[in-house]
Amino acid sequence: MTADASGPLNHGALARAVRNGQATVGTFLGTASAVTAEVCAAAGFDWLLLDLEHGAGGEEQVRDVVPVAGAYGVPTVVRVETDARIRMGRVLDNGAAGIMLPRMDDARQVGDAMTHLRFPPRGDRGVATYNRACRFGLDPGALDRADEEILVVVQIESAAAVAAADEIAAIDGVDVLFIGPRDLSHDLGVPGDTSAPAFVEALQAVLSAAQRHGKACGLLVNDGAAAAQRLDQGWTFVAIGSDSTLLAAASRSALHLAGRRDRD
C-alpha cells in the first residue's frame, strides 16, 4: 500500500488495498496526541485509527494527526462519535482516509450513514473545496474521486448487528465489518469473556458473512501474538491495542524486568 509522497493524503490507497484482500494491521489512537500518532506511524503500522468515540480528543485532532501520520505514508481512519452528517463530513474534509461507524445494529442504519459519506446526487455530504481533502482548492477533482477513495468500516458490537451481518456486508460501499470485542461480549451477556461459546460463534458468523460478500473483516486484539493468530484465521483488518495500552504494557514489562512490583 502506497500513498502520494507529495502530501499527507492517502488518495484511496488504503481502500484499494483492503478491497483487494490485502491484510493490514493498525492501532487505535486515544491519547489525542499528534506526537504519539507520529511514534505509531514511525513504528510501521499500516493505518492509525483516531478514536473520537472513546478517545481523549475531538475533531481538532484530525487536523493534526492526518499530516503527521501521512508524513510517514500512514493513513488515518477516524472512528466518529456519531453518524450525524456534519460529524462525518468534517472528518473527511480534514483528510481522513476512512470512517469507522460505531454501534451499527442493522442494514437500514448503515445505509442511512452511507448517505452522509457520499456527495450529491448519491448522498448528502456537504460540498466544499477549500479544505485538506481537496488540497485547499488546488485539487477540486478530489470531489469526483471521493466516493471511491473512502474506506468504510462498520462496527459490529451487538447481537442485533451479528444477526444482520450478512445484510450489512452486502451493502455497496461497506468495506470492513469490525468487531468491537468488549461491546459485543457485554451485549451477548458474557462481559469480557472472549472464549465464551456465544462470543466465538458470533465472531465466526461475522467473519463468514464478510467473506461471503468479499468484504474485509477485522477486530481489536491485545498484542502482536493475538494479531498473528487472527490473521491466520482469515481476519484481514486487525488493530493491535491502542497508543495508550501499548505504552502501558511496554512500561509495565520494563518495570517487571527491572524487578519493580506492580502499583495498583
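Filtering Gly141, Gly137 for residues that are touching a helix residue (DSSP H, G or I) at 6+ places or on another chain (Cβ under 9 Å), free of Cβ contacts under 8 Å to residues at least 24 places away in the same chain and surrounded by fewer than 22 Cβ atoms within 10 Å (Cβ to Cβ) leaves a single hit, Gly141. For region 82-102, filtered to residues that are surrounded by fewer than 16 Cβ atoms within 10 Å (Cβ to Cβ) and in contact (Cβ under 8 Å) with a residue 12 or more places away in the chain, the residue that is farthest from Ser158 (Cα to Cα) is Ile86. The sole residue among Arg132, Arg108 that is farther than 16 Å from Ala216 by Cβ, in contact (Cβ under 8 Å) with a residue 24 or more places away in the chain and open to solvent by 30 Å² or more (accessible area, probe 1.4 Å) is Arg132.
Please indicate, with yes or no, whether at least one residue in region 217-229 is in contact with a helix residue (DSSP H, G or I) (Cβ under 6 Å, 6 or more places away or on another chain), among the charged types (D, E, K, R) and open to solvent by 30 Å² or more (accessible area, probe 1.4 Å). Looking for residues that are in contact with a helix residue (DSSP H, G or I) (Cβ under 6 Å, 6 or more places away or on another chain), among the charged types (D, E, K, R) and open to solvent by 30 Å² or more (accessible area, probe 1.4 Å), one finds none in region 217-229, hence no. For the structure I just gave you, tell me whether Asp183 is in contact with a His (Cβ under 9 Å, 6 or more places away or on another chain), open to solvent by 10 Å² or more (accessible area, probe 1.4 Å) and either in contact (Cβ under 8 Å) with a residue 12 or more places away in the chain or of a type in the set (Val, Ile, Thr) (or both). When the stated conditions are applied, Asp183 does not pass them.
Checking each residue in region 230-252 for being open to solvent by less than 60 Å² (accessible area, probe 1.4 Å) and not aliphatic (A, V, I, L, M) picks out Arg230, Gly234, Trp235, Thr236, Phe237, Gly241, Ser242, Asp243, Ser244, Ser251.
When Asp124, Asp106, Asp93 are checked against the criterion of being closer than 22 Å to Leu177 by Cβ and at pLDDT 95 or above, Asp106 stands alone in meeting it. Would you check if Val74 is open to solvent by 20 Å² or more (accessible area, probe 1.4 Å), β-branched (Val, Ile, Thr) and over 24 Å from Val162 (Cα atoms)? In short, no. Number of residues in region 4-45 that are open to solvent by 40 Å² or more (accessible area, probe 1.4 Å), aliphatic (A, V, I, L, M) and at pLDDT below 95 equals 1.
Only a single item in (1) loosely packed, with under 13 Cβ neighbours inside 10 Å; (2) modelled with pLDDT of 95 or more; (3) within 30 Å of Val39 (Cα to Cα) is not met by Glu201, and it is number (3). Being of a type in the set (A, V, I, L, M, F, W, C) and open to solvent by 30 Å² or more (accessible area, probe 1.4 Å) is a description that applies to Ala170.
The values are calculated or read from the model by the stated rules, or taken from the named source; none is laboratory data. Owing to the predicted nature of the structure, the values given are computational and were not obtained by experimental measurement. Methodologically, a virtual Cβ is constructed for each residue, glycine included, from the backbone with ideal geometry; neighbour enumeration extends over all protein chains shown. Each accessible area value is taken on the protein alone, full model and side chains, heavy atoms only, with ligands, DNA and RNA left out. Shrake-Rupley method; radii C 1.70, N 1.55, O 1.52, S 1.80 Å.
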